[in-house]
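The values are calculated or read from the model by the stated rules, or taken from the named source; none is laboratory data. Quick caveat: nothing in here was measured; it's all calculated off a predicted structure. Cβ placement follows ideal geometry from the backbone for every residue including glycine, while neighbour counts extend to all protein chains displayed.
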Amino acid sequence: MIINRYFRPLKQTAMNSLKLLKQLYPLPLTSVNGTLFPLFFLAFFTTKSAQAAELKVCKTCDFKTVTSAVKAAKPHDRILVQPGYYAESNIEIKKPLQLIGVGKPVIDAKNKGGIFQVETRNVLIKGFELRNVEVSYLRDFAAIKVYEGAHVTISDNLIKNAFFGIYLQRTDSCTVARNVVEGQARTETTSGNAIHLWYSDFITITDNKTSGHRDGIYLEFAKRSTIKDNLSFGNIRYGLHFMFSDGNVYTHNTFRNNGAGVAVMYTRDIVMQHNTFEHNWGPAAYGLLLKDISRSTISNNRFIKNTAGIYMEGSTYLHIEKNTFQGNGWALRVISSCSEDTFRLNNFMSNTFDVSTNASSASNYFSHNYWDKYEGYDLNKDRIGDVPYRPVSLYSLVVERVPSSIMFLRSFIVDLMDRMEKVIPSFTPEMLKDDSPVLRQHAYDHA
Amino acid sequence: MITLENLQKSYGKLQVLNNISAQFNTNQVVSIIGPNGSGKTTMIKCLLGMVIPDSGRILVDGAPVIRQWEYRNKIGYMPQISRFPENMKVRQLFQMMRDIRKTTKPLDEELFGMYNIPAMYEKSLGSLSGGNKQKVSAALACLFDPEILVLDEPTAGLDPLSSEILKTKILKEKSKGKLILISSHIMSEIDEVADDIFCLVDGNFRFYQSIESIKDVTQETRLGKAIAKMMAV
Amino acid sequence: MNKIIKYVLYDILRSRTVIGYTAFLFLMSFGLFNLESDPTKAVLSLLNVVLLIVPLISIIFGTIHFYNSTEFIELLVSQPINRRKIFLSEYLGVALSLAMAFVVGVGVPAMIFNPGPTSIYLVTSGVFLSFIFTSLAFLSSVLTRDKAKGIGIALMLWFYFSLLYDGLVMFILFYFADYPLDNITLGLLSLNPIDLGRVLVLLNVDVSALMGYTGALYKSFFGNWTGIALAFGLMLLWTIVPIYIAQRKFVKKDL
């Protein structure tokens, strides 16, 4: 942490020299660019793997418990835990170590505290099955907790029935990969998050499966991190939840059937691409809830069968492009406080409502989207409709004001109402329109 | 065989049947007469259960029949104007009636043959002329050899030859010991077939007498004149 | 009873109206499925037509047929048959033939081009609406002897259920927007069979949007089979109640 903080102002120059060094040394680095530099630094100065010993843990070995092996190990030793069942908890790791489970050994905390607590750099925890972490209202017990550590790699673990799964607090340059975190959460207050980051930077979270927790992936004050290829489903609150976490990149993740979808707040400069947000149903469920998000890009994502595909509030300067919205109740709900957002080149198909808003006028821009409800014509054959499309229907305004009128969806009177409004627009926002609706669906490969 | 007891029926303020009582027996042809709108058809319809009287009783063979339906097995009915489902073929109509009646008695196909119904078998009922419809209707009424025949102006649309056939049939049925009720305006016809005359005027019973006694009382040989005299009284 | 239904059915199925109705529905469905690239969208366009046309044709045809069958009914009434049976046979004959026309005209194309639950619910709703509006047709027919009046009543009923009612309820909802109206809305919906038919299809097509509606009752209503069972139950009630009342009136009626 100290080192990281010290070097951060030098990051720019360091990154440059890194490129040079990378050509000279084939470094044993597993992480992607964001975390390269600190890891490289440590590898350069502290790697002494040549002298490292291997300690085995099993019923018949010298070490019968993981705790005793950790205690006996010297820094940079490798501990190989053999298959078996170990009832242990609160294992403190305060020196660089590699803990490797061979054949998925089980460590069961039996609801007494957490399991691994890492408070140092350069630790690997791999291949364990971790069970039954205590639920506490006072302390955040986790299957693996990293506190003020760095360069910690947590991979290939199966974590079952934990209060928190993987908890990174004031860390940097850590990797969380290929873990499966399965909770049995019932209420929000008695469950923690599957992967939880707090004041942690340059973290890589890839290929994890999180389910049955409060939030699948939770980030607060976590910056410049990469979240990729994760699957987050069936969590009771959010599949992904972040606040004050600028500069993160989210790609190729799937967020499915979470209690309230995905919610992201008070953040800027994020990139969300190629993610899938699907089957988030409920009065307060959103494919993606954006609150006070600015200067970010949301592109090439799929929003399938959510009550609201994207719900946005106080969000400005967003580029929402090339996404597909299909079978949602509302593809977009844009609350009046949003402005200067651009919606381009998206596909809107089979949504009950394409766009709803409570604003009479707002400076958001729609262009070149495909709307399956568009009924205009194209006389000059440029594949762009000659009359603008107005995605806000009169009926959606009625529903906004009187929610129970949703029951009259697709009735003759609603049809009549909307058609009359199309001919003589008098209630729907004048400015909210797509002047260049495309006539054919954009072909995107979202995967 | 049929007993009417104090039948009352009104449509709104219009009293159509006012306290009508009568007794009709087997081996009897009764002609129901009266001016237009005197309640003849209503009385017949009451008997058939098509109109439900406001009060009074109707007994057939001693059993009350209002709102019953099984007793209609004993009745063959030929309405004033016969209209049938347009698209149904004559063959189907007869088939349906046989289906409904499920009678085990031998069918009486005399009129059926005399009117040459099989020749119209494949015609739809909608395409038949009024007279042919009446023939179909008459043949149907007799088909099941019912104990009671109710004929509402049976010869109104028939050609003279067909009328003659029907009249012969009526007499023949009477000779079998049946009760036949005929509503008609044609006095010569009544004179030919009927034994007794039941007269209604404005829903009120006027007289119920045999033709002979009417002629006796009025000293007239022609029934038309005799009736006119009776009505003038 | 079956034998009378058989002949009534035979009579109606050969009439030009029902053949025309079947052909119209079939051509329309076929056309919609061929014009729309997305079969689900075609089903939705079809839904709009079904909710308007099926009730209209059912109630008008039912009424006209009843008046035109007066003599046939008279003929049957003079035969040894229960009046109730005659009436129900006539009803079932008309309703079944209209439902059959609908199944052939809409159901077959829908199941060919878009097999799945949405089509099944669309067809079921249509069949129910055929039965319900024939039932209402028979009710308006027994209410008056005058054919023109009867058709008038039938048209009024159609207009009321397909447009007026929804407009009124929407107006009430809008006017009382500040009050909790969840349960009342649900109650009011059940008072209109066309709305019930519509909701049945909505439960399949627009569940994403419906789930956005607040209110615990709705969530349980849309979340499982309760809603569907309830909607079907109410449609059944809408079929039985008018025809039962009509039948009671018919039994006492003078012909």
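Annotations for the structure displayed:
- Residues considered: B:SER163, B:SER213, B:SER183. Of these, the only one that is more than 14 Å from B:SER82 (Cβ to Cβ), small (Gly, Ala, Ser), under 13 Å from the mean Cα position of the chain (by Cα) and modelled with pLDDT of 90 or more is B:SER183.
- Residue within segment B:37-52 that is more than 12 Å from every other protein chain (Cβ to nearest Cβ) and of a type outside the set (Gly, Ala, Ser) present: yes
- When residues of segment A:266-277 are limited to those that are out of contact with any Ser or Thr (no Cβ under 6 Å at 6 or more places or on another chain) and either surrounded by 24 or more Cβ atoms within 10 Å (Cβ to Cβ) or in contact (Cβ under 8 Å) with a residue 40 or more places away in the chain (or both), the one nearest to A:ASP445 (Cα to Cα): A:ASN275
- Within segment A:290-306, tally of residues that are without any contact (Cβ under 8 Å) to a residue 40 or more places away in the chain and either within 13 Å of chain C (Cβ to nearest Cβ) or touching a Lys or Arg at 6+ places or on another chain (Cβ under 6 Å) (or both): 6
- Meets criteria (at pLDDT 90 or above, surrounded by fewer than 21 Cβ atoms within 10 Å (Cβ to Cβ) and assigned to a loop (DSSP other than H, G, I, E, B)) for B:GLU86: no
- Test: residue in segment A:197-212 that is part of a strand (DSSP E or B), hydrophobic (A, V, I, L, M, F, W, C), surrounded by fewer than 24 Cβ atoms within 10 Å (Cβ to Cβ) and within 10 Å of the chain's Cα centre (by Cα): no
- From the list B:ILE100, B:ILE117, the one residue that fits, being facing another protein chain (nearest Cβ under 9 Å) and among the hydrophobic types (A, V, I, L, M, F, W, C), is B:ILE100.
- Checklist (1) within 14 Å of chain C (Cβ to nearest Cβ); (2) on the phi > 0 side of the Ramachandran plot applied to B:GLY62, failing item: (1)
- Enumeration of residues in segment C:189-202 that are more than 11 Å from chain A (Cβ to nearest Cβ) and farther than 17 Å from C:VAL241 by Cα: C:LEU200
- Wholly within segment A:326-370, strands (runs of 3 or more DSSP E) carrying at least 3 residues that are under 20 Å from A:GLU430 (Cα atoms): A:330-334, A:342-344, A:353-357, A:365-367
- Any hit, segment B:142-153, residues being part of a helix (DSSP H, G or I) and of a type in the set (D, E, K, R): no
- Qualifying position, being in contact with a Ser or Thr (Cβ under 9 Å, 6 or more places away or on another chain), surrounded by fewer than 20 Cβ atoms within 10 Å (Cβ to Cβ) and part of a helix (DSSP H, G or I), among B:GLY126, B:GLY131, B:GLY113: B:GLY131
- Neighbours by Cβ (under 8 Å, 6+ apart or cross-chain): first from segment A:400-416, in contact (Cβ under 8 Å) with a residue 40 or more places away in the chain; second surrounded by fewer than 20 Cβ atoms within 10 Å (Cβ to Cβ) and of a type outside the set (Phe, Trp, Tyr): A:GLU400/A:ASN358
- First in segment A:352-366 and within 14 Å of another protein chain (Cβ to nearest Cβ), second anywhere and modelled with pLDDT of 90 or more and in a loop (DSSP other than H, G, I, E, B), Cβ under 6 Å, 6 or more apart: A:THR352/A:GLY329; A:ASP354/A:PRO391; A:VAL355/A:PRO391; A:VAL355/A:VAL392
- Restricting segment A:307-325 to residues that are more than 14 Å from every other protein chain (Cβ to nearest Cβ) and assigned to a loop (DSSP other than H, G, I, E, B), the residue that is surrounded by the fewest Cβ atoms within 10 Å (Cβ to Cβ): A:GLY314
- Residue check, B:ASP216 at positive phi and surrounded by fewer than 18 Cβ atoms within 10 Å (Cβ to Cβ): no
Residue-wise test of (1) out of contact with any Cys (no Cβ under 6 Å at 6 or more places or on another chain); (2) not basic (Lys, Arg).
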{"position": "A:ASN122", "(1), (2)": "yes, yes"}
{"position": "A:LYS126", "(1), (2)": "yes, no"}
{"position": "A:GLU129", "(1), (2)": "yes, yes"}
{"position": "A:ASN132", "(1), (2)": "yes, yes"}
{"position": "A:VAL135", "(1), (2)": "yes, yes"}
{"position": "A:ILE144", "(1), (2)": "yes, yes"}
{"position": "A:VAL152", "(1), (2)": "no, yes"}
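- Restricting A:SER436, A:SER393 to residues that are more than 11 Å from every other protein chain (Cβ to nearest Cβ), touching a residue at least 12 places away in the same chain (Cβ under 8 Å), in contact with a helix residue (DSSP H, G or I) (Cβ under 7 Å, 6 or more places away or on another chain) and of a type in the set (Gly, Ala, Ser) narrows the list to A:SER393.
- For segment B:197-214, the candidate set comprises residues that are touching a residue at least 60 places away in the same chain (Cβ under 8 Å) and outside any strand (DSSP E or B); within that set, the residue that is nearest to B:ASN19 (Cα to Cα) is B:GLY203.
- Residue within segment C:157-168 that is under 21 Å from C:PHE30 (Cβ atoms) and free of Cβ contacts under 8 Å to residues at least 40 places away in the same chain present: no
- Search result, residues across segment A:410-428 that are among the acidic types (Asp, Glu) and in a loop (DSSP other than H, G, I, E, B): none
- C:ILE81 meets the conditions (1) in a helix (DSSP H, G or I); (2) within 14 Å of chain B (Cβ to nearest Cβ); (3) closer than 18 Å to C:PHE250 by Cα in every case but one. The failed one is (1).
- Counting only strands (runs of 3 or more DSSP E) that sit wholly inside segment A:79-182, those with at least 2 residues that are surrounded by fewer than 21 Cβ atoms within 10 Å (Cβ to Cβ) and touching a strand residue (DSSP E or B) at 6+ places or on another chain (Cβ under 9 Å) are A:98-101, A:106-108, A:121-126, A:129-131, A:150-155, A:158-160, A:180-182.
- Residue among A:MET407, A:MET431 that alone is within 30 Å of A:TYR444 (Cα to Cα) and either within 14 Å of another protein chain (Cβ to nearest Cβ) or outside any helix (DSSP H, G or I) (or both): A:MET431
Each row is one residue, and each column tells you yes or no for (1) under 26 Å from A:GLU375 (Cα atoms); (2) more than 14 Å from chain B (Cβ to nearest Cβ).
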{"site": "C:SER15", "(1), (2)": "no, no"}
{"site": "C:LYS41", "(1), (2)": "yes, yes"}
{"site": "C:LEU46", "(1), (2)": "yes, yes"}
{"site": "C:VAL49", "(1), (2)": "yes, yes"}
{"site": "C:SER58", "(1), (2)": "no, yes"}
{"site": "C:THR63", "(1), (2)": "no, yes"}
{"site": "C:ILE73", "(1), (2)": "no, no"}
{"site": "C:PHE87", "(1), (2)": "no, no"}
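- Those residues of segment A:54-78 which are basic (Lys, Arg) and either outside any strand (DSSP E or B) or touching a Cys at 6+ places or on another chain (Cβ under 8 Å) (or both), in sequence order: A:LYS59, A:LYS64, A:LYS71, A:LYS74
- Only one of the numbered conditions (1) in a loop (DSSP other than H, G, I, E, B); (2) surrounded by fewer than 23 Cβ atoms within 10 Å (Cβ to Cβ); (3) at negative phi; (4) not hydrophobic (A, V, I, L, M, F, W, C) is violated by B:PRO53, and that is (2).
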